[in-house]
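*Asks:* Structure below; questions to follow.
The values are calculated or read from the model by the stated rules, or taken from the named source; none is laboratory data. This is a predicted model, so every value here is computed, not measured. Here the Cβ positions follow ideal geometry from the backbone for every residue, glycine too, while neighbour counts run over all protein chains shown.
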Amino acid sequence: MSQHSTLFPCYLGNYTVTEDRPSTGWSEQVVLLNINFDLKLRNILSTKPVKIKCGLVRECPAGHFAFKMASGAASVVGPRICLEDKILMSSVKNNVGRGINVALVDGKTGELMKAASFDMWAGDVAPFIEFLKSIEDGTVVLMASFDDPATKLNDEARKLIAELGSSLIAQVAFRDNWVFVGGKGIKTKSPFEQHIKNSGDTNKFDGWPEVLEMEGCIPKRP
């Protein structure tokens, strides 16, 4: 009477079959199982999480810039602006300040042209107005508040920001949080804008509202 022994040591899906008699089809099934298992394991090991620019929830379509930004947190943590997976402004980069923080980006290439902050609590609004007037057509403008964006913000400055596509700048007041993306030469109001009032009833921090975060896809300039 012939003897039949089968051994199944398993390491990363490898199966070994030993037989004392000719194959009757069982070993072929094991080989197929082995191949199938190895292919599945290889796919699992080679699969990497998809990294989306700036950590967006979903990828932007072709012809768009991915952006994600946040306002400052109280008077402690500065705003953060990311475009196409590049941090344009942040506390870590040491290029943010109290008031309104602005990043100017080339509408065709996405390259950072200028980053600046303007103190709207103890500073002078005149340099900010001159800065706004100097923005060239086709420039993408990203703005984020930190601490107080409004005490020195006058009607002229608000009008210039409104011309960049803002529909909420007239409402921004002392210690409000505000984030905005617009552009010089824009013909419509921007869909990228958020505003939250400084209110003792709803403030998350003592004297300041919660942080605002916003993300999206900005159409590139043709």
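*Asks:* Given the conditions (1) modelled with pLDDT under 95; (2) part of a strand (DSSP E or B); (3) not aromatic (F, W, Y), which single one is not true for C217?
*Replies:* For C217, the failing item is (1).
*Asks:* Could you list, in sequence order, all residues of segment 146-172 that are touching a His at 6+ places or on another chain (Cβ under 9 Å) and not in a loop (DSSP other than H, G, I, E, B)? Show your work before the answer.
*Replies:* Here is the first cut: in segment 146-172, the ones touching a His at 6+ places or on another chain (Cβ under 9 Å) are 168-169, 171-172.
Passing the criteria: I169, Q171.
*Asks:* Within the bounds of segment 170-179, is there any residue that is touching a residue at least 60 places away in the same chain (Cβ under 8 Å) and within 22 Å of E59 (Cα to Cα)?
*Replies:* The first filter runs over segment 170-179 and keeps only residues touching a residue at least 60 places away in the same chain (Cβ under 8 Å), leaving 177-179.
Applying the additional criterion that residues be within 22 Å of E59 (Cα to Cα) yields 179.
Yes, because at least one residue in segment 170-179 is touching a residue at least 60 places away in the same chain (Cβ under 8 Å) and within 22 Å of E59 (Cα to Cα).
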